[in-house]
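For reference, the structure discussed in these notes is given below.
The values are calculated or read from the model by the stated rules, or taken from the named source; none is laboratory data. Keep in mind that what you see is a predicted model, and the values were worked out from it rather than measured. Counting neighbours? That spans all protein chains shown, and the Cβs are built from the backbone with ideal geometry, glycine included. To get the accessible areas, we keep the full protein, side chains included, count just its heavy atoms, and leave off ligands, DNA and RNA. Shrake-Rupley method; radii C 1.70, N 1.55, O 1.52, S 1.80 Å.
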Amino acid sequence: MSRPKRPGAAQGRDLRAGFRHERGDGGAAVPQGLLKAARKSGQLNLSGRELSEVPQTVWRINLDLPEEANQNHSFNSSERWWEQTDLTKLIISNNKLQSVSDDLRLLPALTILDMHDNQLTSLPCAIGELENLQKLNVSHNKLKILPEELTKLKNLKSLFLQYNELTGVPEEFGQLHKLEELDLSNNCLTAVPASFSSLSNLMRLNLASNRMKHLPAEITRMKRLKHLDCTANCLETIPSELASMESLELLYLRRNKLRFLPEFPSCILLKELHVGENQIEMLEAEHLKHLQSLHVLDLRDNKLKSIPNEITLLQALERLDLTNNDLSSLPHALGNLPRLQFLALEGNPLRTIRRELLNKGTQEVLKYLRSKIKGDTGNQNGTPVETAMTLPSQARVNTHTITTLKLLDYSEKQTAVIPDELFDAVGSNIITSINFSKNHLTEIPKRVVELKAAVCDVNLSFNKLSCISVELCMLQKLTHLDIRNNLLTSLPEEMESLMKLQTINLSFNRFRTFPSILYRLQTLETILLSNNQVGSVDPLQLKQMGKLATLDLQNNDLLHIPPELGNCVSLRTLLLEGNPFRIPRAAILAKGTDALLEYLRDRIPT
């Protein structure tokens, strides 16, 4: 049923229809064509239009008779103005708004409201009437307080309040039971209410850059919390209850005043622990023994005097930052960590490791530490001890790494062929890691398939491989694959059988397209594809990769970054520097992944 015409409406067709501009008192124009399109799509983007207030036509977009109703008497299917859609998404970010009218209540169907980067000092009480709202972004404003009505948004899942001037949040915050993501970073908070314990669905909580001296123990009742960031506060202690947070995967406690680490007996999923720039003096075995999933341990700028041998319990560790501590030596066992790729030691008074060795990088340091282990267990002059497994090519086969570390290591031999006696030496031993890096291999040894029972980590980097063999694709327990610095141009479809693969490093190869097989490996968490010739990516397929957290596409041939890439909300690290695209600009990239994704989402056509 059509709506009646307003009195005095023009009877003829207006040839300027679609080109008129509705001006608010803020003086900025809102094209009628944009409003018309919004009635059809339910989405309106008024970002970056210098608005100092929102025009009434926006608040009343679904109430007033649209102008086209007075200009078009035909029943053309594309001009059915009476079939308009309620507005569900409104973006008014990057303007000059100092306040928002209570007329906001006239848009009850809104599910997304984005008002970031304005000059708002308050929010209207009417915001509590937007009962369908799921995402609210009011970051980068000048908010000092929040209305209690905000806590009535029972369907809210994402709330972004970072970079404001908040000194507190309403005690009723715990009523936002569906909230999954909350960012309160870069405010002036000294505490958070105990009612936070009721946010049972919260998965990401960012409290960085505030003024908090303690965390309430109640925060540890958030049983689904995966990401907790308390960087740059004034914390002196961490509640012991934190150790019971079973879902926690990322914990940021950098730039605080911590003097010791808590123990983490229940945090078996913790992958990253950042406690740099504190005052921690001691690291003990009790701090480490439960962190078997840890990939990143940041301990830089503390007062550590020693590292315990139990550091070898962190078998999944990939990055260890010990910069600027008081370490005079390192445990030789550190060299046994099978996945450690980055070890930072600058700024320590190390007496046992020469400066020139440190300058050669992580792998050389680890190699040196491993050589000291052999010295500890061998004879005085460092030659291998004869054993029952000694082979004629003993100099080439390291039986110690096979039996003790479960590692088949034949790296840095500059060879084109892996000798059979290496595989023969395995015998009945279980092998979990293979390292054939820094050789001249042109093909992957077929006998790797003999190790498929337990192998989860394979390093074939710095070789001359131009293809991936079927045998490698049969290692179905594989979780980490490093094949950087080779001659690869494609990946085989058979890799789809690697259903546990979490990390793949394809940097410094010759890929011209993003390998399509990667889109189907839903377990992938890290894809490193820098320094290739990749020209495009498919954001829709990337969005389906729900576990993907790190995507490195630096130094490729990307001419265009699709805005839809901003919808890949699982990404914690997106690296795009060194590509020929012009947008986003370098200043946007420099702001970090969250800001980049937000920028891209704002550019998605509505």
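Key figures for this structure:
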{"read-out": "Top-ranked residue of the range 476-493 - restricted to ones that are in contact with a helix residue (DSSP H, G or I) (Cβ under 7 Å, 6 or more places away or on another chain) and either in a loop (DSSP other than H, G, I, E, B) or modelled with pLDDT of 95 or more (or both), ranked as most open to solvent (accessible area, probe 1.4 Å)", "value": "Gln476"}
{"read-out": "Scan of the range 239-273 for residues that are surrounded by fewer than 15 Cβ atoms within 10 Å (Cβ to Cβ) and closer than 22 Å to Ser209 by Cβ, ordered by number", "value": "Lys257, Arg259"}
{"read-out": "The listed residue being crowded, with 18+ Cβ neighbours inside 10 Å and not in a strand (DSSP E or B), out of Ser200, Ser209", "value": "Ser209"}
{"read-out": "Restricting the range 404-420 to residues that are acidic (Asp, Glu) and under 21 Å from Arg339 (Cβ atoms), the residue that is surrounded by the fewest Cβ atoms within 10 Å (Cβ to Cβ)", "value": "Glu412"}
{"read-out": "Among the residues listed as Glu281, Glu310, the single one being touching a Phe, Trp or Tyr at 6+ places or on another chain (Cβ under 8 Å), open to solvent by 30 Å² or more (accessible area, probe 1.4 Å) and at pLDDT below 95", "value": "Glu281"}
{"read-out": "Every residue from the range 436-458 that is in a strand (DSSP E or B) and either under 15 Å from Cys473 (Cβ atoms) or over 28 Å from the mean Cα position of the chain (by Cα) (or both)", "value": "Val458"}
{"read-out": "Inter-residue pairs, beta-carbon under 6 Å, first farther than 19 Å from Asn509 by Cα and in the range 544-557, second assigned to a loop (DSSP other than H, G, I, E, B) and not small (Gly, Ala, Ser), 6+ apart", "value": "Lys547/Glu525; Leu548/Leu524; Ala549/Glu525; Ala549/Arg572"}
{"read-out": "Flag for Lys305 being over 27 Å from Asn505 (Cβ atoms) and open to solvent by 70 Å² or more (accessible area, probe 1.4 Å)", "value": "yes"}
{"read-out": "The range 582-601, subset under 14 Å from the mean Cα position of the chain (by Cα) and part of a helix (DSSP H, G or I), residue surrounded by the fewest Cβ atoms within 10 Å (Cβ to Cβ)", "value": "Ala595"}
{"read-out": "The listed residue being touching an Asp or Glu at 6+ places or on another chain (Cβ under 9 Å) and among the charged types (D, E, K, R), out of Asp482, Asp420, Asp409", "value": "Asp482"}
{"read-out": "Residue within the range 222-238 that is part of a helix (DSSP H, G or I), open to solvent by 20 Å² or more (accessible area, probe 1.4 Å) and either in contact with a helix residue (DSSP H, G or I) (Cβ under 7 Å, 6 or more places away or on another chain) or touching a residue at least 12 places away in the same chain (Cβ under 8 Å) (or both) present", "value": "no"}
{"read-out": "Filter result (among the hydroxyl-bearing types (Ser, Thr, Tyr) and either more than 22 Å from the chain's Cα centre (by Cα) or not in a loop (DSSP other than H, G, I, E, B) (or both)) within the range 134-158", "value": "Thr151, Ser158"}
{"read-out": "Failed condition for Phe173, given (1) open to solvent by 20 Å² or more (accessible area, probe 1.4 Å); (2) not aliphatic (A, V, I, L, M); (3) not in a loop (DSSP other than H, G, I, E, B)", "value": "(1)"}
{"read-out": "Residue tally, condition surrounded by 15 or more Cβ atoms within 10 Å (Cβ to Cβ) and either more than 19 Å from Pro338 (Cβ to Cβ) or of a type outside the set (Lys, Arg) (or both), over the range 421-449", "value": "19"}
